[in-house]
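Below is one structure; the comments refer to it alone.
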Amino acid sequence: MRSSPRRRRFLHERNGTNGVIAYHAFPWRSPFTHIRRVPKAPDAGRATYGTPSFPQTPDCGCRVQCRDPVLRRRDFRSAQRRIHAWRNAFSSTALSADGTVSCATCHRPELAFTDGRAVAVGVDQRQGTRNSPTLIDLPSDAPLFWDGRRQHLEELIVDPLTSFHEHGFATAQDVADRVGEVPALREAYARTFGSDAAIDAQRLSAALAAYVRSIDTEPTALEKFLVHRDTARLTREQQRGLELFRGRAGCTGCHTLDEKRATLTDNQFHDRGIGARHREAGLGVVVNRALSSEPERLGQTIPADAAVAALGRFVVTRNPKDIGAFRTPTLRNVAVTGPYMHDGSIASLADAVDHELYYADETHGAGFDAQDRQALVAFLSALTEARYCHRDSTCAPSATPARSGP
Ligand code: HEC
Ligand code: HEC
């Protein structure tokens, strides 16, 4: 049954408060037409983590948290049109210095908003130092980027635009000038902020942020299994993997499971030994290089200097205990977001699991045999949303619709 806009708005506003889940099957096609009502799980209260809920944002009449007062109009339909326009801007290569790169170059919707490369490649084939993270299920209250150097999405998005290694604009003014020159972008801007509004990159960033926040999640097989007790959703091997994941292997220490949503991250910073691979020059030399970089230049230094980038959280806090610490990545859709780790240095999921098990205990994971490792990898496929399942050869069982309940 298709619901009316009023009904949809109602569903959005009730989101998360009464067990109603609203989500879009293909957000990059049509962000507002796939909203469905999912029955409340009878035993959600007793489940390991409750019914998945999404951030509530009644301000915009949609699932968008807007800081910009103009974007914060309480008008669902025009919010809908605005988001649509900025979804197009997200994949517009006109928004780069040489017209070859868009946000979607590195955050490809069909790869769960990652790019399948080890490290990002921007204008002029300039190679950065970090792996492009997914934009699905971004934290709303935790620092962003692998090192947490930005607090808010709205301020963050100016960074890729003015990064020499990404969109390649030299200044925020150059970004604004480009928006003024490209009719589609100029019109989207005028429709959002008014035709007489001066174009500035910060507002453009807020508008793109509204789109990024509207990228929705789909329930995963794991959520259906845990929340709705739908045991047919996980194979036996996946269930064994889940037991290892939250038991002996201790993965949930950081890839948290006890939240309302299966984001599988604590959004904290931990050293998993990956950064140490980039310290040929000697730690002291690299630390000095990081300390001599001005904090406001970090956005340029990090994609240019792999050794400094590998210091992770340290470049932000300058606290030695943060050397090599990175924000725990979400494992949602992890089977389709390789290569792995902040520098994309691990190609396969099996190798990523081996790496993580090395740090599981003092025996460096000696107690985990080949079957255990396979079960963990199989379990991680239960985190693939159905829309990406065709890219993950192992997630077929969870994709087949199973009857829930008795
Ligand atoms: C050349 C590739 C590239 C382009 C183009 C690009 N990004 Fe990114 N994006 C990255 C990389 C790499 C990171 C991680 C950087 C870091 O942590 O230092 C990132 C991080 C992010 C994050 C933070 C995610 C998180 O989990 O913290 C957001 C949000 C984001 N990008 C949005 C955008 C938007 C919007 C655009 C278009 C204006 C864009 N990106 C363009 C490569 C790119
Ligand atoms: C102490 C916290 C912690 C524990 C425990 C932990 N992880 Fe991680 N995990 C991280 C961090 C941090 C990263 C990113 C490290 C980096 O890029 O330098 C990561 C990365 C990963 C990745 C790569 C994800 C991506 O998108 O790049 C996978 C897969 C993974 N962990 C699985 C596991 C498994 C399986 C376990 C249990 C055996 C586990 N982790 C235990 C913190 C942890």
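All of the numbers you see were taken from the coordinates with simple rules; none came from a lab. Source: prediction; values computed, not measured. Every residue, glycine as well, gets a Cβ built from its backbone with ideal geometry; the counts of neighbours run over all protein chains shown.
One table, with the values for the structure above:
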read-out: Derived scalar couplings ³J(HN,Hα) [the stretch 332-349; Karplus, 6.51 cos²θ - 1.76 cosθ + 1.60; whole Hz; x for Gly, Pro]; value: 4, 6, 4, 5, 10, 10, x, x, 10, 6, 4, 10, x, 7, 10, 7, 10, 5
read-out: Virtual spin-label span in nm between HIS152 and ASP98, 7 Å along Cα→Cβ; value: 3.4
read-out: Amide H contacts under 5 Å for ALA325, placed H, 5+ residues apart; value: ARG313, PHE314
read-out: Computed label-point distance, nm, for sites ALA184 and ARG81 using a 7 Å Cα→Cβ extension; value: 1.8
read-out: Built amide H within the under 5 Å cut-off of GLU166, gap 5+; value: VAL123
read-out: Local net charge near ALA221, Cβ-Cβ under 12 Å (Lys/Arg +1, Asp/Glu -1); value: -2
read-out: Other-chain or far-sequence residues with amide H under 5 Å of ARG150's (modelled H); value: LEU144
read-out: Rg(Cα)/(2.2 N^0.38 Å) for the stretch 208-300, N = residue count; value: 1.61
read-out: The stretch 140-279 - Kirkwood radius from inverse mean 1/r over Cα pairs (Å); value: 18.8
read-out: Euclidean distance of C-alpha centroids, the stretch 355-390 and the stretch 252-317, integer Å; value: 23
read-out: Fewest-first sequence of ASP200, ASP343 by Cβ atoms within 10 Å of each Cβ; value: ASP200, ASP343
read-out: Rounded to whole Hz, the Karplus (6.51, -1.76, 1.60) HN-Hα couplings of the stretch 279-290, x for glycine and proline; value: 10, 4, 5, x, 4, x, 4, 5, 4, 4, 5, 5
